[in-house]
Amino acid sequence: MNYIRGITFAPFVRRGVLDKEEARESLKAMRERTGADTVLLAPGGLQKTAHSTDIGYDSEYTMGDRELKEFIGYAKSLGFRVFLKPTVNCLDGTWRAYISFFDEDVPCEPKWSEWFASYTEFQLHYAEIAEETGCEMFIAGCEMVMTEHREEEWRRLIGDIRKVYHGPVSYNTDKYQEHNVKWWDCVDVISSSGYYPADDWENQLDRIGKVVERYHKPFFFAETGCMSTVGSSLRPNDWEVEGDVSLSEQEEWYKKAFHAMEKRPWVSGAVLWSWNPELGSEEEAKRHRYYEIYGKPAEAVVKQFFERGDK
(Lines give C-alpha, C1' and ligand atoms only; values in the text may rest on other atoms or scores of the structure.)
Protein backbone atom coordinates (compact mmCIF):
# COMPACT_ATOMS: atom_id res chain seq x y z
CA MET A 1 0.00 0.00 0.00
CA ASN A 2 1.36 3.43 -0.95
CA TYR A 3 2.20 5.65 1.99
CA ILE A 4 -0.80 7.72 3.08
CA ARG A 5 -0.32 11.46 3.54
CA GLY A 6 -3.85 12.47 4.36
CA ILE A 7 -6.08 15.03 6.02
CA THR A 8 -9.80 14.82 6.80
CA PHE A 9 -11.50 17.71 4.99
CA ALA A 10 -14.67 19.39 6.26
CA PRO A 11 -16.00 16.46 8.31
CA PHE A 12 -19.78 16.20 8.81
CA VAL A 13 -20.52 19.49 7.01
CA ARG A 14 -24.06 20.52 6.20
CA ARG A 15 -25.61 20.42 2.77
CA GLY A 16 -24.24 23.03 0.39
CA VAL A 17 -20.86 23.60 2.02
CA LEU A 18 -18.91 21.60 -0.57
CA ASP A 19 -20.63 23.55 -3.34
CA LYS A 20 -18.98 26.77 -2.25
CA GLU A 21 -15.96 28.13 -4.06
CA GLU A 22 -14.33 28.70 -0.67
CA ALA A 23 -14.30 24.94 -0.10
CA ARG A 24 -12.52 24.30 -3.37
CA GLU A 25 -9.99 27.02 -2.66
CA SER A 26 -9.42 25.58 0.81
CA LEU A 27 -8.82 22.08 -0.57
CA LYS A 28 -6.37 23.47 -3.11
CA ALA A 29 -4.55 25.33 -0.33
CA MET A 30 -4.42 22.14 1.74
CA ARG A 31 -2.65 20.37 -1.12
CA GLU A 32 -0.18 23.19 -1.70
CA ARG A 33 0.58 24.02 1.94
CA THR A 34 0.87 20.51 3.43
CA GLY A 35 1.86 18.21 0.59
CA ALA A 36 -1.06 15.92 1.43
CA ASP A 37 -1.85 13.46 -1.35
CA THR A 38 -4.98 11.96 0.24
CA VAL A 39 -8.21 13.63 1.30
CA LEU A 40 -10.68 11.85 3.54
CA LEU A 41 -14.32 12.89 3.28
CA ALA A 42 -16.74 11.96 6.06
CA PRO A 43 -20.45 12.31 5.26
CA GLY A 44 -22.40 12.39 8.51
CA GLY A 45 -25.37 10.22 9.32
CA LEU A 46 -27.52 11.17 12.31
CA GLN A 47 -29.53 9.23 14.88
CA LYS A 48 -31.38 10.90 17.74
CA THR A 49 -29.65 9.19 20.66
CA ALA A 50 -27.15 6.40 21.30
CA HIS A 51 -30.10 4.00 21.55
CA SER A 52 -32.01 5.03 18.44
CA THR A 53 -32.18 2.65 15.49
CA ASP A 54 -32.92 5.00 12.60
CA ILE A 55 -29.99 6.73 10.87
CA GLY A 56 -30.82 9.67 8.62
CA TYR A 57 -28.53 11.02 5.92
CA ASP A 58 -30.80 12.91 3.53
CA SER A 59 -31.49 16.12 5.46
CA GLU A 60 -29.86 19.55 5.42
CA TYR A 61 -27.45 18.30 8.09
CA THR A 62 -25.64 15.99 5.63
CA MET A 63 -23.71 16.90 2.49
CA GLY A 64 -25.74 16.18 -0.63
CA ASP A 65 -24.90 13.31 -2.96
CA ARG A 66 -24.43 15.52 -6.02
CA GLU A 67 -22.10 17.96 -4.30
CA LEU A 68 -20.15 15.08 -2.76
CA LYS A 69 -19.65 13.41 -6.13
CA GLU A 70 -18.62 16.69 -7.75
CA PHE A 71 -16.22 17.47 -4.91
CA ILE A 72 -14.63 14.03 -5.21
CA GLY A 73 -14.09 14.76 -8.89
CA TYR A 74 -12.51 18.11 -8.06
CA ALA A 75 -10.22 16.51 -5.47
CA LYS A 76 -9.07 13.98 -8.03
CA SER A 77 -8.39 16.76 -10.53
CA LEU A 78 -5.94 18.19 -7.98
CA GLY A 79 -4.17 14.84 -7.73
CA PHE A 80 -5.68 13.63 -4.47
CA ARG A 81 -6.57 10.08 -3.60
CA VAL A 82 -10.00 10.10 -1.97
CA PHE A 83 -11.02 7.97 1.00
CA LEU A 84 -14.72 7.93 1.94
CA LYS A 85 -15.67 7.36 5.59
CA PRO A 86 -19.43 7.71 6.27
CA THR A 87 -19.74 8.31 9.99
CA VAL A 88 -22.78 8.25 12.26
CA ASN A 89 -23.25 10.76 15.08
CA CYS A 90 -25.96 11.34 17.69
CA LEU A 91 -28.13 14.46 17.55
CA ASP A 92 -28.11 14.76 21.35
CA GLY A 93 -24.31 15.05 21.36
CA THR A 94 -23.55 11.60 22.75
CA TRP A 95 -20.31 10.27 21.29
CA ARG A 96 -20.91 7.53 18.73
CA ALA A 97 -18.73 5.08 20.68
CA TYR A 98 -21.63 4.69 23.14
CA ILE A 99 -24.19 3.50 20.58
CA SER A 100 -25.43 0.20 22.02
CA PHE A 101 -28.40 -2.08 22.71
CA PHE A 102 -29.27 -5.12 24.80
CA ASP A 103 -27.44 -8.19 23.52
CA GLU A 104 -30.62 -10.22 23.95
CA ASP A 105 -33.72 -8.91 22.19
CA VAL A 106 -36.36 -7.53 24.53
CA PRO A 107 -39.90 -6.80 23.28
CA CYS A 108 -40.64 -3.09 22.86
CA GLU A 109 -36.95 -2.17 23.21
CA PRO A 110 -34.62 -1.10 20.36
CA LYS A 111 -32.59 -3.96 18.91
CA TRP A 112 -29.19 -4.52 17.35
CA SER A 113 -30.87 -6.05 14.31
CA GLU A 114 -32.84 -2.86 13.70
CA TRP A 115 -29.81 -0.64 14.11
CA PHE A 116 -27.54 -2.73 11.89
CA ALA A 117 -30.21 -2.76 9.18
CA SER A 118 -30.21 1.05 9.18
CA TYR A 119 -26.42 1.28 9.48
CA THR A 120 -25.98 -1.11 6.56
CA GLU A 121 -28.30 0.97 4.38
CA PHE A 122 -26.30 4.08 5.35
CA GLN A 123 -22.95 2.45 4.55
CA LEU A 124 -24.09 0.89 1.28
CA HIS A 125 -25.44 4.22 0.05
CA TYR A 126 -21.96 5.71 0.28
CA ALA A 127 -20.20 2.54 -0.86
CA GLU A 128 -22.10 2.92 -4.12
CA ILE A 129 -20.91 6.52 -4.39
CA ALA A 130 -17.35 5.41 -3.64
CA GLU A 131 -17.56 2.84 -6.44
CA GLU A 132 -19.13 5.29 -8.90
CA THR A 133 -16.53 8.00 -8.26
CA GLY A 134 -13.49 5.73 -8.02
CA CYS A 135 -12.58 6.41 -4.39
CA GLU A 136 -9.33 4.72 -3.43
CA MET A 137 -10.59 3.42 -0.08
CA PHE A 138 -13.87 2.94 1.75
CA ILE A 139 -13.83 3.07 5.55
CA ALA A 140 -16.94 1.48 7.04
CA GLY A 141 -17.40 3.79 10.01
CA CYS A 142 -15.46 5.31 12.85
CA GLU A 143 -14.99 4.65 16.57
CA MET A 144 -18.07 2.48 17.02
CA VAL A 145 -16.59 0.93 20.15
CA MET A 146 -19.68 -0.59 21.76
CA THR A 147 -20.80 -2.16 18.49
CA GLU A 148 -17.52 -3.89 17.73
CA HIS A 149 -18.25 -7.04 19.75
CA ARG A 150 -21.11 -7.78 17.34
CA GLU A 151 -18.72 -9.71 15.14
CA GLU A 152 -21.32 -11.52 13.02
CA GLU A 153 -23.07 -8.27 12.05
CA TRP A 154 -19.80 -6.52 11.18
CA ARG A 155 -18.63 -9.40 9.04
CA ARG A 156 -21.94 -9.40 7.20
CA LEU A 157 -21.73 -5.63 6.68
CA ILE A 158 -18.21 -5.80 5.23
CA GLY A 159 -19.38 -8.59 2.92
CA ASP A 160 -22.32 -6.48 1.75
CA ILE A 161 -20.03 -3.49 1.11
CA ARG A 162 -17.78 -5.65 -1.09
CA LYS A 163 -20.75 -6.46 -3.31
CA VAL A 164 -21.03 -2.82 -4.39
CA TYR A 165 -17.53 -1.38 -3.80
CA HIS A 166 -14.50 -3.14 -5.24
CA GLY A 167 -11.63 -1.16 -3.77
CA PRO A 168 -9.88 -1.68 -0.41
CA VAL A 169 -12.14 -1.65 2.65
CA SER A 170 -11.10 -0.57 6.14
CA TYR A 171 -12.70 0.24 9.47
CA ASN A 172 -11.54 3.01 11.83
CA THR A 173 -11.54 1.73 15.40
CA ASP A 174 -10.90 4.07 18.30
CA LYS A 175 -7.68 4.69 20.22
CA TYR A 176 -6.69 1.88 22.61
CA GLN A 177 -9.13 -0.51 20.89
CA GLU A 178 -6.99 -1.95 18.11
CA HIS A 179 -6.43 -5.23 19.96
CA ASN A 180 -10.11 -5.65 20.84
CA VAL A 181 -11.49 -5.95 17.29
CA LYS A 182 -11.73 -9.66 16.46
CA TRP A 183 -12.70 -9.37 12.80
CA TRP A 184 -9.73 -7.56 11.25
CA ASP A 185 -9.26 -10.53 8.95
CA CYS A 186 -12.32 -9.51 6.91
CA VAL A 187 -11.03 -6.01 6.00
CA ASP A 188 -8.12 -5.14 3.72
CA VAL A 189 -6.57 -2.47 5.91
CA ILE A 190 -6.57 -1.95 9.69
CA SER A 191 -6.99 1.64 10.81
CA SER A 192 -7.52 3.47 14.07
CA SER A 193 -7.67 6.88 15.70
CA GLY A 194 -4.21 7.77 16.95
CA TYR A 195 -4.91 10.24 19.71
CA TYR A 196 -2.13 9.20 22.07
CA PRO A 197 -0.31 11.34 24.66
CA ALA A 198 2.91 12.85 23.33
CA ASP A 199 5.17 10.69 25.50
CA ASP A 200 3.20 7.45 25.14
CA TRP A 201 3.49 6.81 21.42
CA GLU A 202 6.21 4.17 21.73
CA ASN A 203 4.16 2.09 24.18
CA GLN A 204 1.02 2.28 22.08
CA LEU A 205 2.81 1.43 18.86
CA ASP A 206 4.37 -1.60 20.55
CA ARG A 207 0.84 -2.76 21.39
CA ILE A 208 -0.62 -2.01 17.95
CA GLY A 209 2.33 -3.68 16.25
CA LYS A 210 1.33 -7.01 17.77
CA VAL A 211 -2.15 -6.68 16.22
CA VAL A 212 -0.69 -5.88 12.81
CA GLU A 213 1.66 -8.85 13.06
CA ARG A 214 -1.17 -11.18 14.03
CA TYR A 215 -3.45 -10.26 11.12
CA HIS A 216 -0.79 -9.52 8.47
CA LYS A 217 -2.69 -6.48 7.23
CA PRO A 218 -1.53 -2.98 6.27
CA PHE A 219 -2.13 -0.34 8.96
CA PHE A 220 -2.55 3.43 9.06
CA PHE A 221 -4.03 6.02 11.36
CA ALA A 222 -7.36 7.08 9.84
CA GLU A 223 -7.45 9.94 12.34
CA THR A 224 -4.78 11.58 14.44
CA GLY A 225 -4.13 15.05 15.77
CA CYS A 226 -3.75 17.38 18.71
CA MET A 227 -5.33 20.71 19.55
CA SER A 228 -3.23 23.86 19.94
CA THR A 229 -4.34 24.13 23.56
CA VAL A 230 -2.36 23.95 26.77
CA GLY A 231 -2.74 20.40 28.09
CA SER A 232 -3.93 18.85 24.82
CA SER A 233 -0.69 16.93 24.24
CA LEU A 234 -1.54 14.91 27.35
CA ARG A 235 -5.15 14.28 26.27
CA PRO A 236 -5.21 14.75 22.49
CA ASN A 237 -8.48 12.83 22.14
CA ASP A 238 -10.33 15.28 24.40
CA TRP A 239 -11.81 18.12 22.33
CA GLU A 240 -13.17 19.68 25.54
CA VAL A 241 -9.75 20.45 27.04
CA GLU A 242 -9.85 24.07 28.14
CA GLY A 243 -6.80 26.26 28.28
CA ASP A 244 -4.86 28.98 26.56
CA VAL A 245 -3.66 28.68 23.00
CA SER A 246 -0.33 26.87 22.74
CA LEU A 247 0.96 26.60 19.20
CA SER A 248 4.22 25.09 20.46
CA GLU A 249 2.48 22.28 22.35
CA GLN A 250 0.66 21.20 19.20
CA GLU A 251 3.88 21.48 17.20
CA GLU A 252 5.85 19.33 19.66
CA TRP A 253 3.09 16.71 19.80
CA TYR A 254 3.26 16.29 16.03
CA LYS A 255 7.04 16.01 16.09
CA LYS A 256 6.91 13.23 18.70
CA ALA A 257 4.05 11.38 16.99
CA PHE A 258 5.71 11.44 13.58
CA HIS A 259 9.09 10.45 15.00
CA ALA A 260 7.52 7.38 16.59
CA MET A 261 5.59 6.46 13.44
CA GLU A 262 8.63 6.72 11.21
CA LYS A 263 10.47 4.11 13.24
CA ARG A 264 7.74 1.53 12.48
CA PRO A 265 7.81 0.37 8.86
CA TRP A 266 4.37 -1.21 9.26
CA VAL A 267 2.74 2.21 9.79
CA SER A 268 1.59 3.10 6.28
CA GLY A 269 0.82 6.73 6.98
CA ALA A 270 -1.77 8.90 8.65
CA VAL A 271 -4.86 11.01 8.02
CA LEU A 272 -4.85 14.12 10.19
CA TRP A 273 -7.87 15.71 11.86
CA SER A 274 -8.79 18.11 10.25
CA TRP A 275 -8.98 20.96 7.67
CA ASN A 276 -11.76 23.56 7.46
CA PRO A 277 -13.70 24.27 4.24
CA GLU A 278 -13.19 28.02 4.75
CA LEU A 279 -9.86 29.57 5.66
CA GLY A 280 -9.43 32.93 7.32
CA SER A 281 -6.18 34.77 7.74
CA GLU A 282 -3.13 33.08 9.20
CA GLU A 283 -3.14 35.61 12.02
CA GLU A 284 -6.66 34.61 12.92
CA ALA A 285 -5.81 30.92 12.64
CA LYS A 286 -3.05 31.27 15.21
CA ARG A 287 -5.66 32.34 17.76
CA HIS A 288 -7.68 29.16 17.33
CA ARG A 289 -7.01 26.35 19.79
CA TYR A 290 -8.73 23.49 17.97
CA TYR A 291 -7.15 20.70 15.87
CA GLU A 292 -6.64 22.57 12.62
CA ILE A 293 -3.00 23.15 11.60
CA TYR A 294 -3.53 25.85 8.95
CA GLY A 295 -1.30 28.83 9.64
CA LYS A 296 0.22 27.26 12.75
CA PRO A 297 3.81 25.98 13.31
CA ALA A 298 2.49 22.39 13.20
CA GLU A 299 1.68 22.90 9.53
CA ALA A 300 5.38 23.02 8.65
CA VAL A 301 6.01 19.87 10.71
CA VAL A 302 3.25 18.09 8.79
CA LYS A 303 4.63 19.15 5.43
CA GLN A 304 8.09 17.90 6.33
CA PHE A 305 6.62 14.55 7.43
CA PHE A 306 4.52 14.18 4.30
CA GLU A 307 7.47 15.07 2.05
CA ARG A 308 9.72 12.39 3.56
CA GLY A 309 7.05 9.80 4.37
CA ASP A 310 7.36 7.62 1.27
CA LYS A 311 8.43 4.11 2.18
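Data table
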{"read-out": "Which listed pairs, of K210/K296; K256/K303; K85/K286; K76/K263, have C-alpha distances above 26 Å, in listed order", "value": "K210/K296; K85/K286; K76/K263"}
{"read-out": "Computed over the range 179-311: relative contact order in percent, which uses C-alpha pairs under 8 Å that are six or more apart", "value": "25 percent"}
{"read-out": "Approximate spin-label separation E21-E121, in nm, with each point projected 7 Å along Cα-to-Cβ", "value": "3.9 nm"}
{"read-out": "Sparse-neighbour loop sites [chymotrypsin sites (Phe, Trp or Tyr not before Pro); the range 79-135; at most 10 other C-beta within 10 Å; DSSP]", "value": "none"}
{"read-out": "Segment A29-K111, extension gain: residue separation times 0.36 nm, minus the distance between their alpha carbons", "value": "25.0 nm"}
{"read-out": "Net +/- balance of residues flanking S52 in space, Cβ distance below 15 Å, scoring K and R +1, D and E -1", "value": "-2"}
{"read-out": "Inter-label distance, nm, simple model (7 Å from Cα along the C-beta direction), D103/H51", "value": "1.8 nm"}
{"read-out": "Rounded to whole Hz, the Karplus (6.51, -1.76, 1.60) HN-Hα couplings of the range 281-298, x for glycine and proline", "value": "7, 5, 4, 5, 4, 5, 8, 8, 10, 8, 6, 4, 10, 3, x, 9, x, 4"}
{"read-out": "G141 long-range amide H proximity, modeled H, under 5 Å", "value": "N172"}
{"read-out": "Cut-off of 10 Å, at most 15 other beta carbons, DSSP loop: longest stretch of the chain lacking such GluC sites (Glu not before Pro)", "value": "105-239"}
{"read-out": "R162/K286 FRET efficiency (R0 41 Å; Cβ-Cβ; nearest 0.05)", "value": "0.35"}
{"read-out": "Spin-label model distance (nm) - K210 vs S59, 7 Å beyond Cα toward Cβ", "value": "4.3 nm"}
{"read-out": "Average accessible area per residue (Å²) across the chain - probe 1.4 Å, nucleic acids and ligands excluded", "value": "42 Å²"}
{"read-out": "Prolate/oblate/rounded call for the range 1-65, Cα gyration tensor, a/c under 1.5 rounded", "value": "oblate"}
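The values are calculated or read from the model by the stated rules, or taken from the named source; none is laboratory data. Values in this document were obtained by computation on a predicted structure and should not be read as measured data. Positions of Cβ are backbone-derived with ideal geometry, glycine not excepted, and every protein chain shown enters the neighbour counts. Calculation scope for accessible area: heavy atoms of the full protein, side chains included, ligands and nucleic acids excluded. Shrake-Rupley method; radii C 1.70, N 1.55, O 1.52, S 1.80 Å.
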